[in-house]
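The values are calculated or read from the model by the stated rules, or taken from the named source; none is laboratory data. Small disclaimer: the values here were computed from a predicted structure and weren't measured. Cβ: placed from backbone, ideal geometry, glycine included. Neighbour counts: every protein chain shown. Side chains included, ligands, DNA and RNA excluded: accessible areas come from the protein's heavy atoms. Shrake-Rupley method; radii C 1.70, N 1.55, O 1.52, S 1.80 Å.
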Amino acid sequence: MDRPYVEQLRIQGYGCIQDTTLELTPLHALIGPNDSGKSTVLRALRTLSSVLERALGAPAPDPLGRGAPASKAHGGAVFEVSAASTTWRVELDAAGRVRSTSFPRDLEPPSLLDDADEDDGANGGPSPERPAPDIVQALRGTQMLRLDPDALRAPHPLIPDGRPLCFADERGTGLPALYDAVISRDLSAYIELNEELTRLFPSVRSIHLANPSSTTKAIGVKLEGGAVVPAALMSEGMLYYLAFAALPHLDPMPLLLVEEPEHGLHPARIADVMRALRIVSEKTQVLLATHSPLVVNELQPEEVTVVTRAGEQGMRATRILDTPGFEDRARVYALGELWLSYANGADEAPLLGGGPRP
Amino acid sequence: MMKPLEKARVFLVGEGENELGSRAGAPAYQSDKHPGVLFTLLSRVQPNGWVVGGAREWKSIRKYQARGAAHEDTRHVLGAAIDAKEAGCDVLAFSRDIDRDPARREAIAEGIRRVSSSLSSPPEVIGGVAVPALEGWILALLGEKATEELSPLRAQAMLAAKGMMPGDGAALVRVAEDADLDAVPQDAASLAEWLARARAVLPRRTGRGVR
């Protein structure tokens, strides 16, 4: 990727996370048992994106690189996001007050807590410091996708020329309008989307966009025999596929957080969705939380982090590359197969601790 | 004072109870209560100096594979080898029924070749296809000729005619216990190769001379 992206994320005291550092890549998956903290990591990044939006309205940082003091955070969270040559440290206290600073990545972080004044919290503290450009480029406009078939099916107002091409929310609202906008902005892309759809779903002849009103679009598909299947009758799998297939044609965002991209998809379609996400990851960092070994099969070893809960210590993140015996195991198994072979759905001990598979 | 030799650990892989005896099934339920044909044959070759360090049925080796054009049995052998290695075993011993898949012989042979090239500190392998299936080996141990020309069903029928039903593992083990391993018909090549490999590997691994 030729622009800054989140290469390292340290989270302390947030949700189930005591102190964890993740090494991320432009396309990256978090795997692990239920309730291990995968979604917490995604939420942390979305929170940071919100903090960043707030910070961008704040004054520029002082030359010493220290943020203005705010009230001392007790029971709060600390985040460190590293992108390109910069680390952005954000402290979020239990009352939602934020303090942040950017510093060169190869330096020790300045402690904002130690410098905090005890008497300056009466007004909720100042806005966070404006982050460095590396961080802005890596985080500003982060979007989450937790697709919902009802949202994907819903007709949606047209997207005027010049307006951003993106889903209206994390549920995928606006899918019909996006496909309509792709027609007017990049006809060849729309034709390619249609061709790919008919290749993968042979009974389908084309995407069908209807006008329930003069200002809204509805999506459906036209079958080989000419019959039109409206969105209400389309399979969830096809709707999910259409949503993911559209992603490479949307306006690039810095970071896309996707919960369970495999949801509702036939196993054979998962590779197609992952292909779309890999194309997206050329311009947009994509971070997935997944339970599917078939998703993991489409990734490289450095692109997968195993997330587990370690009792009192909270969440633990381990790159699959760093698990015992990985080199030998990876020569025998595809990556998702390796995970499945050694996972136990609880603490993933056979994967993280070595030894025979269960 | 000489340190006593540690016993070699052998990992067994087979189709089911006939090959593995009470070592068939999920690891938590395995025992050494009664042997299968593979253990018995290995014991005939080398009675002492080794123990069973683990066992699996072929069906429990992971089967789906998104990438790679290799025959699934090539990958099965690699999967069995890494299971053996991670169970701390020095030797992997297996038989795989060739059934009606002629490509399986080469796939298994390729898997065995890849064990040493793909894994660090790989186990030694005593393994190969049983032609046409384990029942063919039992017939050969009984002195029958041209067993590799039989279909699996025909081999089963011939054993049944001798009073051994397909699921009667104990009867198959008795044949393996009593057979003259040096009198295996030459045309039972898959069994002869397997025994030759066992004779080469086990004595070396157990620090004992060739029997």
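Does A:A271 count as within 14 Å of chain B (Cβ to nearest Cβ) and either surrounded by fewer than 18 Cβ atoms within 10 Å (Cβ to Cβ) or closer than 18 Å to A:G172 by Cα (or both)? Spell out the reasoning first.
Values: within 14 Å of chain B (Cβ to nearest Cβ): yes; either surrounded by fewer than 18 Cβ atoms within 10 Å (Cβ to Cβ) or closer than 18 Å to A:G172 by Cα (or both): yes.
So A:A271 fits the description; yes.
Of the set (1) open to solvent by less than 20 Å² (accessible area, probe 1.4 Å); (2) among the acidic types (D, E); (3) within 14 Å of chain B (Cβ to nearest Cβ), all apply to A:E303 but (3). Within the range A:297-317, which residues are at positive phi and within 19 Å of the chain's Cα centre (by Cα)? The answer is none; no residue qualifies.
Looking at the range B:93-109, is at least one residue among the acidic types (D, E), over 18 Å from B:L41 (Cα atoms) and facing chain A (nearest Cβ under 10 Å)?
no
Of all residues in the range A:202-223, those being under 19 Å from A:H266 (Cβ atoms) and assigned to a loop (DSSP other than H, G, I, E, B) number 2.
Do we find a residue being among the polar types (S, T, N, Q) and free of Cβ contacts under 8 Å to residues at least 60 places away in the same chain anywhere in the range B:33-41? Walk me through it before giving the result.
Step one: of the range B:33-41, the residues among the polar types (S, T, N, Q) are B:40.
From the residues that got through so far, the ones that are free of Cβ contacts under 8 Å to residues at least 60 places away in the same chain too are none.
Checked against the condition, which is being among the polar types (S, T, N, Q) and free of Cβ contacts under 8 Å to residues at least 60 places away in the same chain, the range B:33-41 yields no hits at all.
Test A:G314 against the stated conditions and say whether it is in contact (Cβ under 8 Å) with a residue 40 or more places away in the chain, away from every other protein chain (no Cβ under 14 Å) and open to solvent by less than 10 Å² (accessible area, probe 1.4 Å). When the stated conditions are applied, A:G314 passes them. Taken over the range A:2-19, residues that are within 12 Å of A:A44 (Cα to Cα) and open to solvent by less than 50 Å² (accessible area, probe 1.4 Å) amount to 7.
From the list B:L202, B:L195, B:L191, the lone residue that is within 11 Å of B:I138 (Cα to Cα) and in contact (Cβ under 8 Å) with a residue 24 or more places away in the chain is B:L191. Across the range B:59-74, the number of residues qualifying as at pLDDT below 90 and more than 7 Å from chain A (Cβ to nearest Cβ) comes to 9. Exactly one residue out of A:I320, A:I279 is open to solvent by 30 Å² or more (accessible area, probe 1.4 Å), in contact with a helix residue (DSSP H, G or I) (Cβ under 7 Å, 6 or more places away or on another chain) and either hydroxyl-bearing (S, T, Y) or away from every other protein chain (no Cβ under 14 Å) (or both), and it is A:I279. Against the conditions (1) surrounded by fewer than 20 Cβ atoms within 10 Å (Cβ to Cβ); (2) at pLDDT 95 or above, A:H28 satisfies every one except (1).
Going by what's in this entry, would A:E327 be described as within 14 Å of chain B (Cβ to nearest Cβ) and surrounded by fewer than 17 Cβ atoms within 10 Å (Cβ to Cβ)?
On the way: within 14 Å of chain B (Cβ to nearest Cβ): yes; surrounded by fewer than 17 Cβ atoms within 10 Å (Cβ to Cβ): yes.
The answer is yes for A:E327.
Of all the criteria given as (1) more than 24 Å from B:G111 (Cα to Cα); (2) within 11 Å of chain B (Cβ to nearest Cβ), the one not satisfied by A:G345 is (2). Scanning the range B:91-130 for residues that are charged (D, E, K, R) and surrounded by 22 or more Cβ atoms within 10 Å (Cβ to Cβ) returns B:R96, B:D97, B:E124.
Can you confirm whether the range B:163-177 contains a residue that is touching an Asp or Glu at 6+ places or on another chain (Cβ under 6 Å) and under 14 Å from B:V91 (Cβ atoms)? No, the range B:163-177 contains no residue that is touching an Asp or Glu at 6+ places or on another chain (Cβ under 6 Å) and under 14 Å from B:V91 (Cβ atoms). Candidates in the range A:150-163 are the residues that are in contact (Cβ under 8 Å) with a residue 40 or more places away in the chain and in contact with a Ser or Thr (Cβ under 9 Å, 6 or more places away or on another chain); of these, the one that is farthest from A:S213 (Cα to Cα) is A:L152.
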